Amino acid sequence: MKALVYTAPHHLDHRDVPEPLVQPGDVLIKIDSAGICGSDMHAFLGHDDRRPAPLILGHEVAGVTTDGRRVTINPLVTCGVCRFCVSGHDNLCQSRQIISMPPREGGFAEWLAMPEANLITVPDHVPLNKAALTEPLACGWHAVRLGKARLNVAPADARVLVVGGGAIGVGADLCLKAQGFQSITLVEPNALRAMYLKQSAGFHVVHPDDLNNEGNFDLVVDGVGFEATRALASSSVCPGGVIMHIGLGSASGGIDVRRLTLQEITFIGTYTYTADDFKDTASALFEGSLGALDWIEERPLADGQQAFLDIRAGETAAPKIILKI
């Protein structure tokens with residue numbers, strides 16, 4: 001089968017590889033659509049030791065099983081028996097695996113084998129390129145759910161700041177709306193991306209320099225995770241407010257611990273989503289509660305190398321590139 005293989009920093013090779021081995025309980029899926037995630041970019045740049053070359057990346061995927069069922073795929077494979085799994089916090093399972101990270105190859109390939117429990121049937125009216133967005137949207141759904149539980153104001157009355165106009169930030173914005181939030185500001189420094197989100201997708205977008213940054217946001221979602229974005233989140237949140245940290249851009253820096261302490265600000269790191277979050281996100285997507293999802297760009301899998309280079313150069317307006325297999 002053909003796959004897009006990460007072979008070295010800054011290099012992806014579209015080549016023939018063996019088809020996946022189907023283990024007991026697995027289902028074989030013909031991949032239709034696979035989104036490029038920020039974690040794929042980290043690996044591509046050689047910044048992720050958890051994803052050593054050679055490796056097939058990609059974990060935002062949807063396709064068709066060998067018996068013709070259209071599915072979107074939860075890429076997290078968990079043990080199902082540990083205390084985290086049985087308590088509904090399966091995303092914290094200490095033996096969890098995720099496709100695109102050894103020992104599991106990813107979805108930038110023609111075929112993928114996954115456990116039946118990780119598959120959700122996609123209704124006929126939902127295109128598979130949009131169904132592939134379930135995974136990044138579920139990250140936002142999970143973060144919003146956790147942040148909502150910590151707020152001391154009702155969602156309809158909360159002022160929310162989302163940092164980052166990539167798929168994670170855009171997804172968080174849509175999940176906030178779906179969960180009852182109304183006053184949402186999205187920060188995006190890339191002029192090309194900001195204009196696209198304003199004109200094509202209808203988001204309320206501001207440049208960081210134009211943000212009225214007086215610590216007046218009840219909830220801040222950092223969908224980037226660099227030192228500068230954490231510093232922005234720390235200064236933008238109001239006393240008693242909540243910061244949800246989704247992004248994994250860098251490991252440290254930017255948090256004003258003194259302010260968090262003196263003003264009782266809650267900082268919550270949020271990792272992926274639970275199986276229930278993934279199912280709830282899929283249901284919201286299928287029902288149309290997450291919008292038209294028309295902020296994607298499609299490219300052939302064979303052109304994946306150039307897609308990664310264009311994302312790295314900031315030359316893509318759409319928050320998400322979907323590779324079509």
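In table form, for the structure just shown:
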{"item": "Failed condition for residue 212, given (1) more than 20 Å from residue 180 (Cβ to Cβ); (2) modelled with pLDDT of 95 or more; (3) not β-branched (Val, Ile, Thr)", "result": "(2)"}
{"item": "Restricting segment 277-292 to residues that are among the charged types (D, E, K, R) and closer than 16 Å to residue 71 by Cα, the residue that is surrounded by the fewest Cβ atoms within 10 Å (Cβ to Cβ)", "result": "287"}
{"item": "First in segment 253-275 and without any contact (Cβ under 8 Å) to a residue 12 or more places away in the chain, second anywhere and loosely packed, with under 13 Cβ neighbours inside 10 Å, Cβ under 9 Å, 6 or more apart", "result": "262/239"}
{"item": "Those residues of segment 309-325 which are touching a strand residue (DSSP E or B) at 6+ places or on another chain (Cβ under 7 Å), within 19 Å of residue 134 (Cα to Cα) and either crowded, with 17+ Cβ neighbours inside 10 Å or free of Cβ contacts under 8 Å to residues at least 12 places away in the same chain (or both), in sequence order", "result": "318, 320, 321, 322, 323, 325"}
{"item": "Those helices (runs of 4 or more DSSP H) lying entirely in segment 77-161 with at least 1 residues surrounded by 14 or more Cβ atoms within 10 Å (Cβ to Cβ) and under 19 Å from the mean Cα position of the chain (by Cα)", "result": "128-131, 134-150"}
{"item": "Those residues of segment 284-311 which are under 17 Å from the mean Cα position of the chain (by Cα) and part of a helix (DSSP H, G or I), in sequence order", "result": "284, 285, 308, 311"}
{"item": "Output for segment 293-308, where each listed residue is in contact (Cβ under 8 Å) with a residue 60 or more places away in the chain and surrounded by fewer than 17 Cβ atoms within 10 Å (Cβ to Cβ)", "result": "294, 298, 302, 305"}
{"item": "Residue ID - farthest from residue 294 (Cα to Cα), chosen from residues in segment 191-214 that are out of contact with any helix residue (DSSP H, G or I) (no Cβ under 6 Å at 6 or more places or on another chain) and surrounded by 15 or more Cβ atoms within 10 Å (Cβ to Cβ)", "result": "211"}
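The values are calculated or read from the model by the stated rules, or taken from the named source; none is laboratory data. All values derive from a computational prediction rather than experimental measurement. Note: ideal-geometry Cβ built from the backbone for every residue, glycine included; neighbour counts use all protein chains shown.
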